[in-house]
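Data block below; observations after.
The values are calculated or read from the model by the stated rules, or taken from the named source; none is laboratory data. Quick caveat: nothing in here was measured; it's all calculated off a predicted structure. Because the Cβ atoms are built from the backbone with ideal geometry, glycine has one as well, and the counts that use them run over all protein chains shown.
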There are 2 protein chains.
Amino acid sequence: MEIAELGEFGLIRRLAGDITPVNESTVKGTGDDCAVISTDGAQETLVTTDMLMEGVHFDLTYMPLRHLGYKAVMVNLSDIYAMNGTPKQITVSLAISKRFLVEDIEELYSGMRLACEQHHVDIVGGDTTSSMTGLAISITAIGTAAKGEAVYRSGAHETDLICVSGNLGAAYMGLQILEREKAVYNEQVRETTAQARRNGADVEEAIARIPQPDFAGKEYLLERQMKPEAKKDIIERLREAGVRPTAMIDISDGLSSELMHICEQSHCGCRIYEERIPLDYQTAVAAEEFNMNVSTCALNGGEDYELLFTVPLTANDTVSAIEDVKVIGYITAESLGKALISRDGNEFELKAQGWNPLKQP
Amino acid sequence: MEIAELGEFGLIRRLAGDITPVNESTVKGTGDDCAVISTDGAQETLVTTDMLMEGVHFDLTYMPLRHLGYKAVMVNLSDIYAMNGTPKQITVSLAISKRFLVEDIEELYSGMRLACEQHHVDIVGGDTTSSMTGLAISITAIGTAAKGEAVYRSGAHETDLICVSGNLGAAYMGLQILEREKAVYNEQVRETTAQARRNGADVEEAIARIPQPDFAGKEYLLERQMKPEAKKDIIERLREAGVRPTAMIDISDGLSSELMHICEQSHCGCRIYEERIPLDYQTAVAAEEFNMNVSTCALNGGEDYELLFTVPLTANDTVSAIEDVKVIGYITAESLGKALISRDGNEFELKAQGWNPLKQP
C-alpha cells in the first residue's frame, strides 16, 4: 500500500495504534502536541519532535538559512506551549550534504540560537552527520508543566467556547507569494540566459541584473511564513487572566484539521462562524489577488502556529477581553457533527484539507 | 570552509562551543552521551538523539528494514546506559521517500518495537513525513538516573583502571564482509545480465538464479553489525557488584576515539595494552582473510556498542570477576599522553581514526 494513501495520521495509527505503554512514567504517548512523562517530583516533562526535510518542508531558494533555523526551533517550542508548558531545552540533529559550507551551518545555527534566546531555552545536544542530498533537520524540544497543568487535545466539553489567537491564513498566503515569485524568477533566468547566449553576453552578469521581486505591502505575510513566533505571550495572558483551557493545539496544518483533532479526541462536535475567523488585511488582499477564498485559506492554510483552544462558557468575558484572542465558536455534542456556519448562515461540514506531509511533492 | 575538514566534533565545538546554559535544570548540555536535565524530584532526565541517513549510515541492499529499526533504537538506548541510566521512552521520526510502501515501514517499526520491548521502553511520539530521496530516521531516547548517579566522560582519575565489555572489532569486520559480498553480487548481476542478453534469455530469471553468498562461520560478525545490543546487562552487573564507574562512554566510533574523549574530558592520559583488547575468534579470522591488522580493527572499527569505562584501582578484583568485562589499561597524568602498548612492549600514540560522519561517502 502506498503511504500517501494512508496519510500521516493513518500511518501513525497503523504503526503505533495498539501500543500500550509499559512504563508508569509514560503519562501520554502519541496523539497530542507533546508526549507527557511524569517525574518523581511535582513537574511533568513534555517532549515533542519535528523533522524538516529540504524540498518537502522548506525551499532554500527563498528561505534564508537563518530564518530556517529560527522557524525550525519555533515550531517545536509552539508544541510545548500548546500543552500549556514551558520549553526548557532542545536537541538539534542535522544531516548536511556537501554543498553546504561551515558558514552556512553557522547561519542556520544563529537563527536557532536567536529563537532559543527569546524563549530562554538551552541547546543541550544533538547529532551532526552527512546526507546524500539536501539538508535534514530534526529537533526535539523538552519542557515542563506542573502536574495536572498540561492541557490535552482531549479535554473539550459541550458548550465550551472555541478560541484562536492572532489571525489565520497569513503564513499560507506568504508561501503562495514566495512560490509565485520563484516561478517568475526561474522564467526570467531562462529568458535572460537564452538572450545573453544569442547576444554573446556574459550569462552570469545578465542574471545578476534581474531585478529583485517587489514585496511592498506583503511584508507581514512573508514574515508570518518565514519567521513564525511561538505564542508564549498568549499562554502567559491566559495564566494572568486565570483561564486554563480545557483543550489546546497549535495550528500547524490548518484550523479545520486542528479543530477536528480536538473534536475527535474530546468526542465532541463543534460550530465555528466564518465571520469570526480572524484575518489580517494583507491576507484578504493577497487572497483576492490570487483569486482564492480567504476563509478557505484561513481554514486550511497551515503554518500560522497560532493557538486553538477551548475554555468553559463561563470564561467568555475573560477570554474576550484578552488581547489577540478571539472566540470563533463553541463545542457541541458529538452527534451534531463538526460544522462551519458561513456568513450567510448555512452550515458546511468541516473537512481536514490540511497539508499531507506524506504526499510526494 | 568545507564541513568534512572540521569533522563532527570540530563543527559542534564551533557551533555550540560558547553556549552557556540559561536554565538551572540544564545539568549537562552537549559533549557527553546524553544531556542531563534535573527535575524537581530525586531523578534526573537523560536525553540523547541520533540521526540515521540512508546511503550514509545504512545500506538497504543488505540491511533488512526490521534489523535497521532494531539497530536504530539500540544505538540510542546504548547512550542512556553509557550514562549509567535507565531508558524509558523514545520518539521516532521518519522521513520516507515514495519507493517505500506501508508494509516496509511496518517492518522497520516491528524491529523498533522489538528493541523497545526488550528494554522496557515506550514509543511516545515522533514525526512522519516524506523525503525527496531515501529514508531518514531520527530517534530521541529519554531515560532517568537518580541524582548524582549519572556517569560522565569527565570523571576519570589517574590510576583508575580502563575496562571494556564484550569484544571489539566484530561489527566492523561484519561490515567489511557485507560490503565485499555486495560488490561480488553487483559484479555477478552485471555479468549475468550481459550473458542472458547475448543468449536471448530472461534477465530477471537469470539474476534470480545467482546463488546467495555463503556466510557460514561469519554469523557472529554479521549479527554484531546488523543486530547490536545495548549493554543493559553490564550496567546491572556493575550495580550488583557495587562498582560505580568514574567515567563511561559507549563504543560507537571505535575504542581509540572513545578513550580519547574520556581522557580529554577528564584531563588525563592513558595506557592500554594491545594484548588485553578483547577479540572474538571470528574477528581474528576475518581480519586475516582481509589482510587487516586485527588490533587496528578493534581500535578503530566502530559500531560495537560495547561500554568503555574507568573504575578506581581498588575495584580491580571486583571488575575482573565480572563476566564480559576486561581491564585493558589504566589512566595516567595528562602529561604522559595517550598510548597503546603493543605486544612487543613499544608505545604508540593513540589516534582517533574513528568514523567521520561528515565525510561524504
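Tabulated results
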{"read-out": "Hits in segment B:281-308 - residues which are part of a helix (DSSP H, G or I) and among the charged types (D, E, K, R)", "value": "B:288, B:289"}
{"read-out": "Cross-chain or 6+ apart pairs with Cβ under 9 Å, segment A:90-111 first and in the same structural domain as residue A:133 (by TED's automatic domain parsing) and in a strand (DSSP E or B), then buried (at least 18 other Cβ atoms within 10 Å of the Cβ) and aromatic (Phe, Trp, Tyr)", "value": "A:92/A:109; A:94/A:109"}
{"read-out": "Residue that is farthest from residue B:84 (Cα to Cα) [pool: residues in segment B:17-59 that are touching a helix residue (DSSP H, G or I) at 6+ places or on another chain (Cβ under 8 Å), within 7 Å of another protein chain (Cβ to nearest Cβ) and not β-branched (Val, Ile, Thr)]", "value": "B:50"}
{"read-out": "Complete set of residues in segment B:130-170 that are β-branched (Val, Ile, Thr) and surrounded by fewer than 22 Cβ atoms within 10 Å (Cβ to Cβ)", "value": "B:133, B:159"}
{"read-out": "Filter result (touching a residue at least 12 places away in the same chain (Cβ under 8 Å), more than 24 Å from residue B:115 (Cβ to Cβ) and among the charged types (D, E, K, R)) within segment B:210-247", "value": "B:244"}
{"read-out": "Candidate set from segment B:1-46 (those that are part of a helix (DSSP H, G or I) and among the β-branched types (Val, Ile, Thr)); member that is modelled with the lowest pLDDT", "value": "B:12"}
{"read-out": "Subset of segment B:100-133 (residues that are out of contact with any Leu (no Cβ under 9 Å at 6 or more places or on another chain) and farther than 16 Å from residue A:19 by Cα)", "value": "B:101, B:103, B:132, B:133"}
{"read-out": "The one condition in (1) at the interface with chain A (Cβ under 7 Å from one of its Cβ atoms); (2) within 30 Å of residue B:247 (Cβ to Cβ) that residue B:131 fails to fulfil", "value": "(2)"}
{"read-out": "Filter result (out of contact with any strand residue (DSSP E or B) (no Cβ under 7 Å at 6 or more places or on another chain) and crowded, with 20+ Cβ neighbours inside 10 Å) within segment A:97-112", "value": "A:100, A:108, A:109, A:111"}
{"read-out": "Residue B:152 vs. criteria part of a loop (DSSP other than H, G, I, E, B) and aromatic (Phe, Trp, Tyr)", "value": "yes"}
{"read-out": "Complete set of residues in segment B:232-262 that are more than 16 Å from the chain's Cα centre (by Cα) and surrounded by fewer than 24 Cβ atoms within 10 Å (Cβ to Cβ)", "value": "B:233, B:235, B:236, B:237, B:239, B:240, B:241, B:242, B:243, B:244, B:246"}
{"read-out": "Tally of residues being under 22 Å from the mean Cα position of the chain (by Cα) and β-branched (Val, Ile, Thr) across segment B:4-58", "value": "8"}
{"read-out": "Residue that is closer than 30 Å to residue A:57 by Cα, at pLDDT 95 or above and facing chain A (nearest Cβ under 7 Å), where the choices are B:72, B:136", "value": "B:136"}
{"read-out": "Scan of segment A:238-280 for residues that are among the hydrophobic types (A, V, I, L, M, F, W, C) and part of a helix (DSSP H, G or I), ordered by number", "value": "A:238, A:255, A:259, A:260, A:262, A:263"}
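Conditions (1) touching a Gly at 6+ places or on another chain (Cβ under 6 Å); (2) in the same structural domain as residue A:246 (by TED's automatic domain parsing), marked per residue:
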{"position": "A:121", "(1), (2)": "no, no"}
{"position": "A:130", "(1), (2)": "no, no"}
{"position": "A:133", "(1), (2)": "no, no"}
{"position": "A:138", "(1), (2)": "no, no"}
{"position": "A:142", "(1), (2)": "no, no"}
{"position": "A:154", "(1), (2)": "no, no"}
{"position": "A:166", "(1), (2)": "no, yes"}
{"position": "A:169", "(1), (2)": "yes, yes"}
